[in-house]
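First up is the structure itself, then whatever we jot down about it.
The values are calculated or read from the model by the stated rules, or taken from the named source; none is laboratory data. Since we're looking at a predicted model, the values are computed, not measured. Positions of Cβ are generated from backbone atoms using ideal geometry, with glycine treated the same way; all protein chains shown enter the neighbour counts. Each accessible area value is taken on the protein alone, full model and side chains, heavy atoms only, with ligands, DNA and RNA left out. Shrake-Rupley method; radii C 1.70, N 1.55, O 1.52, S 1.80 Å.
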Amino acid sequence: MLEDMCGRAQIISDDRDEAEWVPLSHADLKALVNDIMSIRSKNILHMVPMDILSKTLQILDHQIHRAEGLSIDDCENLDADAVSSIHCALESIHAALAILAYDGLPKQLYKEENIERILEFARHQILDVMFACDPAYRALHKPNYDVTLDDEEDEEAGHIGSASKKRRTSKSARVKKSTANRMSTTANVILQKLCTILTFLKQLLSIERLSDSCILQLVRTSLQTLLVDNIQLLQLKAIGLIGGVYYSYTQHRSYMMDETLQILLKLPLSKRVPRTYHLPDEEQRQIQLVTALLIQMIHYSANLPEVLRQTSGNPSLDITIDADYPSKCHEAVTESCCLFWSRVLERYTGTKNQDASELKAIMENLVIDLLTTLNLPEYPASAPILEVLCVLLLQNAGPKSKDIAARTMAIDLLGTIAARLKHDAILCRKEKFWIVQVLMNSESSDPSYARDVCSICLDSTTEGSIYVCQGCNRPFHVDCMGGREQDAPSGNFECQICLCDKQLLVLKTYCESQNKDDQKQNRSRSGKSSRATATKQEITQQMLLNYLQDSSSADELHLFTRWFYLCLWYKDDPASQQKFFYFLARMKSRAILRDFSSFSSFLTRDSVKKITLALGQNSSFARGFDKILQVLLASLRENSPGIRAKAMRAVSIIVEADPEVLGDKLVQTAVEGRFCDSAISVREAALELVGRHIASHPDVGLKYFEKVAERIKDTGVSVRKRAIKIIKDMCTSSADFSHYTTACVEIISRINDEESSIQDLVCKTFYEFWFEEPCASQTHIFKDGSCVPLELAKKTEQVVEMLRRMSSHQTLAVVIKRNLALDFFPQSSKAAGINPVLLASVRRRCELMCKCLLEKVLQVAETNSEEGEGRMLPYVLLLHAFCLVDPTLCAPASDPSQFVITLQPYLKSQSDNRVAAQLLESILFIIDTVLPLLRKLPQNVLEELEQDLKQMIVRHSFLTVVHACIKCLCSAGKVSGKGASGVEYLIQLFYKRLDALGFDNKQQVGRSLFCLGLLIRYGSSILHGSDSNSRNLDVASSINLFKKYLQAEDFIIKVRALQALGYVLIARPEHMLQKDVGKILEATLSAHTDARLKMQSLQNMYEYLLDAESQMEIDKASNGEVTHSVEGVHSVSVAAGAGDTNICGGIVQLYWDFILGRSLDINEHVREAAIKIVEIVLRQGLVHPITCVPYLIALETDPEEVNSELAHRLLMNMNEKYPAFCESRLGDGLQLSFMFIHSMSGVPPEVSNGKAQARLFNNTKGKSDVGSSKHARHGVARIYKLIRGNRISRNRFMSSVVHKFETPTCSDSVIPFLIYCTEILALLPFTLLDEPLYLIYTINRVVQVRAGTLESNMKDFLHSLQGNDHNGNDNGMVQPDRERNSTIDGINIVSGELYGQQNDLNMNPISSRDPHSISRSDLQKIQADCLAAGAVQLLLKLKRHLKIVYGLDDIRCQAFSPNEVTKTVESLSKQSVPFIVNDINIDPPNTYEDLLRRYQDFKNALKEDTIDYSTYTANIKRKRPPQRRGGKAGRMMDMGDEDDEDDENWGYGVSSRSMKTPRGRGTNTRSRQRL
């Protein structure tokens, strides 16, 4: 055939040149291709004579040459002949490559020019097909395509090194429809042929070494195919070709990696990148083509020995490679991975902004693809690629990098990879596949099996035959083994474990026989060989190798894959050097085991994937999880909150894969550390991380309980909410949660949280715990003899256990009250109306709880134990809480008197200790609240009750019990209608006691006064309604009696008398309006009174207001307006005067100034008592709220957190309703805060000065001073934060403070107050750049108005002092003579004082006979000017500090306008620069020299203000600012020429100064814009 073809194609003539070869038809060429392929298939092509093959190749080369220059992309000249020529040329290339790609032919056939022509034509056709199949690609790259290669190369080369990547767009080329259809058909035919050509080219690479230029051009063209759509088959062939080049041409690997990266950068970017490479046997799982290319290149980088590739069918192990070769191959793999990732990371670190984000997206997509192929049997390279990436991220671009973007990217990728590693580890650990379980289990067992039961599923009923393994005698179902029924063996059956074990034994024996040099030693080993010689891991590996060898296609890819696996295992095997030939034998297992009875693996792909997953857990990549986790945990401690947040998200991904990670000690420490992070977002993320897995892993949540509970008190609202929800989940996820009681205590502590949503969350939590109706089945189970369901009895015990650990039951009462009202439901539910069924359900449960508590009290009492009172107390306290909210809960309709009758006998207790006293108080409170609800009570019970109460009043040692007894006795008297006689008897009794005792026994006197006051307070209504005319109705005489004891010397008697007086005044408040009582109250509330009396007087007022409030609510309740209230429960304040309907408002207003004064008392307890009164007064609306604003502002700086928090809450509520009130009184509040701080520091404002003020704020040794400064700054910062949300409000605040510098009044405390204001302004917590800019703007306005006038006045005064006796230099500068005594216009300055012996602005100057003496008014003016100049200097100092701290230059300050609307929020960067004001002298000048120095200091400050902040920034970095004392005046006198020239003729009068106005510092010069 070949000879005939040659004869027809060549005209035998010596006269004709080679150009006259006859063209062959397309049919002839196809027939030729078929013949050549037939010869190839028979492996006899090498038998064809060389001359025939040479002539055939020559003819084919001429056929290719005839079609050169033709292109299907030439739309205008596309005709049938051109297309036919192209087809013939491609068929010729097919035939030529079929010959050349056959191994074993003579090298003379491989002519370089012929091969280059083939490659060149194929490359052009590939490009033409790319343009024809994807018009968008053609329009983007070659709108005017030129066939010449050089032009195309130049254009592409221009894109490779460019930073701006040329990406695909949606543009498409417009061509004629008929031509496009014709091109599509032609391109499709050519595309199919090119796929075949690329396959032969890959084979040719391993036979003949081509020139570098041809190879590089071929690689580039093949890579370009990855950018084109609709040519998937050609892309797959191109990937295979590139892999072959990468394997054969190791010197070009770096170039190929660079080109691959360039192609990667040119791919289109989107959130869902196109993934068109289908994974084998994986439904709907695809990866990017470029990822498949990378994996294949890494596979080929393992450097499979050529001798193994060529002799894979030869069983001989006589191979000339050393034992280190597999290790070197693994190093080559690592090198290729490093080559790729280092290029990617270098480009990432070298780009910014948009390019960096695109590269990050590219890397993320690559990692996603690699993780998709991870642990799939055909892609072993995925693990090393990811492993190298992790190593590079950890070493170079990871957490050690200075680039924040690189670090965050590294943390994201490492978190994703680590999560997958952990996920795979969990899958493998939970895997039930029998091979994985048997081979990965270290424990060996050899049990006996029944022959008719599958050893895997242990079932004999399943459809399908059971096969018994001939090796291990275990019966199996084929599908249970992971195989396919149709592949089941018909003869002797062996399971995969036994089969692979036998194979490995044969291979090991074969290796021993091949090792001639060490034959004896190996024989001895062979004698000891058994089935145990092959490890479980080796058996599993052999299963994978068998599967790859059986399932692979005809190409050699399976060879590279299996060699890659062997290199990985060789590296991990410590004894690999001794087993080198054994590894080679496993590579050639098919040839060695050719005669093995059963070689093929019938495992399904799913089974092999499970095996691959199990093997992957032993790789170094999987073992690197711990290192990645450590780095991520270390990143949680970074300074940058962004990095910490990223690290937290990365750890969260890992925890999602395996929540058990949270139980690791290192992870727990790191996560708990983030609970205290400075950033709220990080703290919340850390809690969220733990909270998501509480329900599924309660044991893990238990480890974090203590730290999570601490976050309930976090400053962040979202953090507190999350902590409460997590603790709630902990309690609900486990019925026997060991910290349940502690959890309830922690949650209920936030019931009075300043955030209402948290209060609602707390109430909702306890609603779900205790008050929500359970399922119906639980409500019908009762304990023996109880009327309360068992479920509710358990809930009640939980509440009691919580109450045991609480200091008070007040917070529990709040929870009960809100649950009875269900007012914590969402606003939508409230708007629609609370379901009355739910309200009734909660109330019914509360009533049952009260009954249960009563049963428990009886049960405890029946035990007769010594600790009975202690055990009974929490049950009674809980009843107390229920009664506090709603007494009707303890007065059931079926038997209203049940609780009173049951509890009354316990009043006979003879115990006299604190527990018994508390128990009696609660019982008395319950009886007292229930008695008014009873229509009648058995007479004997009433009489016995009254008798018990009288005895306790007289005998009990605890006054709190006595108080409760007196109150209860009066309530019982109202029920019986005969209580007046009992009260009268007791009043007479205590009167007699007082008459008998006098002042001797202060304890008994105090007790008698206490009881007498209470009897009058609670019994006045009873006595007033009776017919008795006893002395007890004479309240005036009682008040006189208390006055008498108020004059006692002992303070105990004084306090008791004042307390008793307070009780009487509660019953008869009109007496507080009398002058004599008013004087007593005013005296006890004065500043210099003993703190104990002040406390008692404030307590009296507080109890009076509470009593008035409760009486008002009772009156409203009688009209059906409100329900019962709970003492101490916070409610929103009402408008001013809303409750001023009785005498209460007048009384409060009468003593309001004294109460406010005590709110700033030096004693913290007095302040606390006073501010509580302020709270209740504001709540009742008894005074105008604006009157207390300055005091609340001052209390913001209180060092006691209780007081400052309450003041802040009251201010916050007021600011919500009346924001103008707070803004208008801020200045007064600052003045009060200044005075308060000085009083707290022990330095009265009257004797403080500027230096003392500086020490107060800058001293680091005095702890009290530093504490006062800290609280002052913190308090003012909170006030500013309160109003910061409103731009107008915050601007008014800053303006009001700055304006205090404008016209300071002359007083002894003005200087330290101005310094205090300066410190406050310097330390305001600015968050927007608009804030410091406005402050600088306001300062500039004050300086513009005041500076020029002050400078002029000071200059005039110095000029008047100079007179005719001044000493001057040539420039007119004053040079005072300090060696002689001098006078200034008759004022003696020998003593060092400018105005006499007293440093007082109001003192007259020393009289003088000099006619030019200074008048008193002039002295006051210059004193005021000096003070105002000092104030301006403070503002200039503050302004310079703000410009340096916030990096504000003059241009930025000048461009600011407060009237402009801020369109964008500018970020605020702040430097840590200390603010020091003690270098400014503001004290009044004492001498002429001081006055001159003050003037020069002021001038210098004004001059420095014109210099930009950068000058000072440089100075700060070098050294601290120098002090201005001493030599400062001299330096200022020698300032630059401009300043000296300005003052050159200042002594010559106003007219001379006026002449200097255009450039001097006169009155008008200061009006220029200050920066």
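Numbers at a glance
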{"item": "Spacing of the two label points (7 Å from each Cα toward its C-beta) at I1052 and S829, in nm", "result": "5.5"}
{"item": "Three semi-axes of the equivalent ellipsoid, segment 821-924, Cα gyration tensor, whole Å, largest first", "result": "33, 14, 11"}
{"item": "Accessible solvent surface per residue of segment 844-903, calculated while the other protein chains remain in place, 1.4 angstrom probe, Å²", "result": "38"}
{"item": "Computed lengthening from D355 to Y255, 0.36 nm per intervening residue step minus Cα-Cα distance", "result": "33.8 nm"}
{"item": "Sulfur and carbon atoms: percent of accessible area, segment 1181-1221 [1.4 Å]", "result": "55"}
{"item": "Surrounding net charge for V1298, when Lys and Arg each add one and Asp and Glu each subtract one, Cβ distance under 12 Å", "result": "+4"}
{"item": "Cα shape, segment 784-830, gyration tensor, a/c 1.5 rule", "result": "oblate"}
{"item": "Rg over Rh, two decimals, segment 664-747 (C-alpha only, Kirkwood Rh)", "result": "0.93"}
{"item": "In Å, descending, principal axis extents of the Cα set of segment 888-931", "result": "35, 15, 12"}
{"item": "Local net charge near S301, Cβ-Cβ under 13 Å (Lys/Arg +1, Asp/Glu -1)", "result": "0"}
{"item": "Percent carbon-and-sulfur accessible area, segment 85-143, ignoring ligands, DNA and RNA, probe 1.4 Å", "result": "50"}
{"item": "Alpha-carbon Rg with Dmax, taken over segment 188-295, Å", "result": "14.1, 44"}
{"item": "For segment 1274-1331, radius of gyration divided by Kirkwood radius, i.e. Rg to Rh on alpha-carbons", "result": "1.01"}
{"item": "Within the accessible area of segment 850-944 (1.4 Å probe), percent carbon and sulfur", "result": "49"}
{"item": "Violating pairs (Cα-Cα greater than 18 angstrom) within the set K950/K974; K1300/K1355; K950/K1054; K502/K536", "result": "K1300/K1355; K950/K1054"}
{"item": "Anisotropy class of segment 1142-1217 from Cα gyration tensor, a/c 1.5 cut", "result": "oblate"}
{"item": "Two-site label geometry, V915 and M47: point separation in nm, points 7 Å out along Cα→Cβ", "result": "11.2"}
